[in-house]
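A short worksheet on the structure shown next.
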Amino acid sequence: MTVVTEHVVRNDAREAPPSMVERMTLILDAFDGRAARLTLEEVACRARLPRSTVHRILDSLVKLNWVEHASFGYRLGRRALGIGGGDGGNAEIREAAAPLLHELHLQTGMVVHLSVLDGHEAVYLDKVGGRLASSIPSRVGGRVSAHSTASGKAMLAWLVPERVDALFGGPMNRCTDRTISDLGVLHQELNRIRQRRGLAFERGESARGVACVGVGIRGHEGPVAGLSLCGDARTAPLERLAPLVADAAREITRTLFPELGGGRRAARPEATQQAATWSPEARTRFLAVRGAGWI
């Protein structure tokens with residue numbers, strides 16, 4: 001008796017799943033500027049891959065620091081952001097800030113950024129803003145000249161003047177015709193920020209038509225991050241919303257450095273924020289001020 005074995009050759013190469021490298025690329029590409037944080041289902045939908053496959057690959061990417069798994073879902077990790085050289089505390093900062101970023105967005109409907117200083121640039125660690133986020137030309141992992149943004153200027157205000165001089169010793173980049181391009185003018189602006197309890201403003205300095213209010217998140221030695229609220233320069237009520245940003249930054253500071261809320265002085269007392277929250281009287285006095293350099 002002869003047994004004949006049939007070999008069925010299927011010409012389905014076009015239907016075969018992509019390679020592992022291609023699948024990893026599809027998953028990482030799902031984290032674009034439209035959303036800094038995605039659920040497992042959202043990643044699978046954007047990558048057009050089975051949920052089980054995406055879950056397995058995401059677990060590997062988390063272990064390799066390409067992706068982080070936080071309470072609100074998945075987000076790009078330090079390797080994907082290109083920040084390099086250890087996380088420098090950035091994962092902890094993002095985790096502490098995440099609830100406050102979402103709360104600020106829900107309260108205001110505006111775009112919220114979390115950033116850190118890297119030399120003379122600000123690097124965006126997180127961006128929350130729903131549909132409005134696509135109208136703001138920023139992305140998680142993106143870089144911008146720190147002196148052109150509200151949060152960047154708020155962080156620079158923490159540094160000693162000599163450090164600012166070293167960072168901006170050469171020609172200063174201009175993002176728009178409203179960007180500060182003179183070192184002396186920048187020092188004047190940073191001094192005004194310190195006088196405003198660390199709050200910084202900008203209208204059209206980093207991008208035309210965009211307005212922001214920002215504040216630094218303080219640590220033991222200086223700024224560990226910056227928080228900003230952004231919207232349409234024509235309608236954004238920056239002064240009215242500024243106390244909300246300051247309160248959120250102060251809450252993140254307390255989460256990261258609870259000892260700083262107990263009266264301990266930081267390295268730059270002239271740039272520190274008061275530990276107490278804004279009272280109604282303080283808010284009223286603050287909003288009544290219209291000093292030079294606010295916008």
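Taking Lys and Arg as +1 and Asp and Glu as -1, the other residues whose beta-carbon sits under 11 Å from that of Leu49 total +4. Computing FRET efficiency as 1/(1 + (r/R0)^6) for Arg131 and Asp165, where r is the C-beta to C-beta distance and R0 is 35 Å, gives about 0.25.
Between Arg254 and Glu103, full extension at 0.36 nm per residue minus the direct alpha carbon distance yields a gain of 52.7 nm.
Estimated at 0.36 nm per residue, the fully extended path between Arg48 and Ser60 surpasses their Cα-Cα distance by 2.5 nm. Modelled this way, with points 7 Å down the Cα-to-C-beta line, the labels at Gln195 and Asp29 are 5.2 nm from one another.
Quick one: net charge around Ile252, please, counting Lys, Arg +1 and Asp, Glu -1 for every other residue with C-beta under 14 Å from its C-beta. After counting each charged neighbour, the total is -2.
FYI, it's all coordinate maths here, none of it is from the lab. All figures in this text were calculated on a predicted structure; none of them were measured in a lab. Note that each Cβ is placed from the backbone with ideal geometry, even for glycine, and that neighbours are counted across all protein chains shown.
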